[in-house]
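Q: The following block contains the structure, expressed as structure tokens.
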Amino acid sequence: MDNEPSLPLYLNIKNYLLKQIQESLAIGDRLPTEAEIMEQFHVSRITVTKALKELKEEGYIVRYPSKGSFVASKDSYTKELNIPDSKDALSGTAYSDIMCMLPYFSDQFSLNIINGITSILPPRQYNIHMVQSRTHQKEDYLLKKCFQSDCKGLILFPVDQIYYSNQLLRMKLNNYPMVLIDRILPGIDTNYVAIDNVYAGKIAFEHLFMLGHRNLLFITHTSKDVQTVKSRIKGLWQGSEESGLLPSCIHIEENLDIHKPFNISADYIARVLAEKHITAVICCESKTCLYMYSLLCELGLKVPKDISMISFDNPTNDISDFNFFTHIDQHEYLMGQYAGKILLKMLENGQLEENEKKILTPTLEIRHSTTELS
């Protein structure tokens, strides 16, 4: 491995593995096990796991519990949008192209949305193009390509950002058939399917309050001014007010860099936990939850014995116990189904007289990461 001193060790390992994937491995080939990589480079499991996690999130590999990591096809992730001829070469059947755009495909939350969408749109009639946006710059680019292509409609799960894309507004003004999913963007009157994030924040607070927790840390890897995050914080504050506590019982940390090595973030997080007397952490995203869980373990803290954790999604990627985390169930499969139904109605009946707005009620799934404060 050509070690670059300016890069964290896990990035050097990631780059080494990526080079192997690009130059000598084929789709479906198995990568070395975590133990083999640890032995080869004399590093900890946390370092190896972080390198493999980023490769997975970027679509280079797929990981299966107890089986290992395998090279994945990157065609649908990295190629510029190039809609093929939507006609079955054998039967001559013509299809209508639809784009489904999500920030990532790497977590169960996104896969559930996709499965919900595809369960509604008839495969004999519609050809669904799945694309990853990842960043707001790429999202804007892909929206433009979608608008200029022969795609008949769009289901969009926007990336986290304070402001929405100008291209999205342009498509709205041109009455382009689209449905937003898991996001409500202020100022854009369009079709959407989302959950009640205020209520989600409220039930998260109420659960921890009933367990005796009074000093909470709410943490997100994005900005607290993103609409979804703002709504969840509002729900937490509502819960605290109704419980007779001041909003100051909830300490908010935003823009957590979940790609930083744990040893860089650990001192800061440890100081926050100690100074604010934090007994429970509420993670706004599953990726944030997994990072915080590993970081707490790095600090020698046990979940939930030393600190309780709640996530707004069910973090299932890198934890062997599928049911470990107490989480807010956002019914993402249903969100996908409702989005598919709304778009199907537009494609079959033309532009709707009124935009359809579907708000789902989240539920609290109590698992093993929260416990009563002793």
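The values are calculated or read from the model by the stated rules, or taken from the named source; none is laboratory data. A quick note: this is a predicted structure, and the numbers were derived from the prediction, not measured. Using ideal geometry, Cβ is built from the backbone for each residue, glycine included, and neighbour counts are taken over all protein chains shown. Heads up: the accessible areas ignore ligands, DNA and RNA and are worked out on the full protein's heavy atoms, side chains in. Shrake-Rupley method; radii C 1.70, N 1.55, O 1.52, S 1.80 Å.
Q: Once the Cα gyration tensor of segment 189-278 is diagonalised, what are the square roots of 5 times its eigenvalues, in whole Å and ordered largest first, as equivalent ellipsoid semi-axes? Could the numbers behind the result be given before it?
A: Details: eigenvalues 113, 82, 17 Å².
Value: 24, 20, 9 Å, ordered largest first.
Q: I'd like the distance separating the alpha-carbon centroids of segment 161-194 and segment 275-305, in whole Å.
A: About 34 Å separates the Cα centre of segment 161-194 from the one of segment 275-305.
Q: May I ask you to evaluate 6.51 cos²θ - 1.76 cosθ + 1.60, the Karplus curve with θ = phi - 60°, for each residue of segment 39-52 and list the ³J(HN,Hα) values in order in whole Hz, giving x for glycine and proline?
A: Karplus-based 3J(HN,Hα) across segment 39-52 equals 5, 5, 10, 6, 10, 7, 5, 4, 5, 5, 4, 5, 5, 5 Hz.
Q: Then there is this: Setting aside same-chain residues fewer than 8 positions from K145, which lysines have a Cα under 27 Å from its Cα?
A: Output for K145: K56, K74, K79, K87, K172, K341, K345, K357.
Q: Which of the lysines could a cross-linker span from K302 if the Cα-Cα distance has to be under 16 Å and same-chain partners fewer than 8 positions apart are dropped?
A: Filter leaves no residues.
Q: Measuring with a 1.4 Å probe in the full set of protein chains, what accessible area per residue, in whole Å², belongs to the chain?
A: Working: 18120 Å² over 374 residues.
Roughly 48 Å² per residue, with all protein chains present.
Q: Okay, next question. How big is the charge dipole of segment 243-312 about its Cα centre, in debye rounded to the nearest 20, if each Lys and Arg gets +1 on its Cβ and each Asp and Glu gets -1 on its Cβ?
A: 180 debye
Q: Please work out the FRET efficiency for the pair R170 and T361, using the Cβ-Cβ distance as r and a Förster radius of 51 Å; give the result to the nearest 0.05.
A: Working: r = 33 Å, r/R0 = 0.65.
After rounding to 0.05, the efficiency reads 0.95.
Q: How many percent of Cα pairs in segment 98-244 exceed 22 Å?
A: Value for segment 98-244: 47 percent of Cα pairs lie more than 22 Å apart.
Q: With r as the distance between the Cβ atoms of A26 and K276 and R0 = 41 Å, compute the FRET efficiency 1/(1 + (r/R0)^6) and round to 0.05. Walk me through the intermediate numbers first.
A: On the way: r = 50 Å, r/R0 = 1.23.
Efficiency, from the Cβ-Cβ distance: 0.25.
Q: Mind listing which chymotrypsin sites (Phe, Trp or Tyr not before Pro) in segment 112-210 are in a DSSP loop and have 14 or fewer other Cβ atoms within 10 Å? Before the final figure, lay out the partial values.
A: On the way: sites: Y126, Y141, F147, Y163, Y164, Y192, Y199, F205, F209; in loops: Y163, Y164.
Here the sparse-neighbourhood loop sites are Y163.
Q: Between T135 and Y268, take the C-beta separation as r, use R0 = 30 Å, and let me know the FRET efficiency to the nearest 0.05.
A: Details: r = 25 Å, r/R0 = 0.84.
The formula returns an efficiency of 0.75 here.
Q: Now for a different question. If you take the Cα Rg of segment 219-261 and divide it by 2.2 N^0.38 Å, with N the number of residues, what do you get? Could you put the intermediate results ahead of the total?
A: On the way: Rg = 12.0 Å, N = 43, 2.2 N^0.38 = 9.2 Å.
After normalising by residue count via 2.2 N^0.38 Å, the value is 1.31.
Q: Rg and Dmax in Å for segment 236-355, alpha carbons only: what are they?
A: When restricted to the Cα atoms of segment 236-355, Rg and Dmax are 19.1, 59 Å.
Q: Considering only protein heavy atoms and a probe of 1.4 Å, how much of the accessible area of the chain is carbon and sulfur, as a whole percent?
A: Numbers: 8850 of 18120 Å².
That fraction is 49 percent.
Q: Then there's this: Relative to the Cα centre, what is the charge dipole magnitude of the chain, using +1 at the beta carbon of each Lys and Arg, -1 at the beta carbon of each Asp and Glu, and rounding to the nearest 20 debye?
A: Numbers: 38 positive and 46 negative charges, 46 e Å.
Computed charge dipole of the chain: roughly 220 debye.
Q: For Cα extents along the principal axes in Å, pick the label among [x] 65, 44, 38; [y] 94, 52, 46; [z] 65, 57, 33 that corresponds to the value derived from the coordinates.
A: [z]
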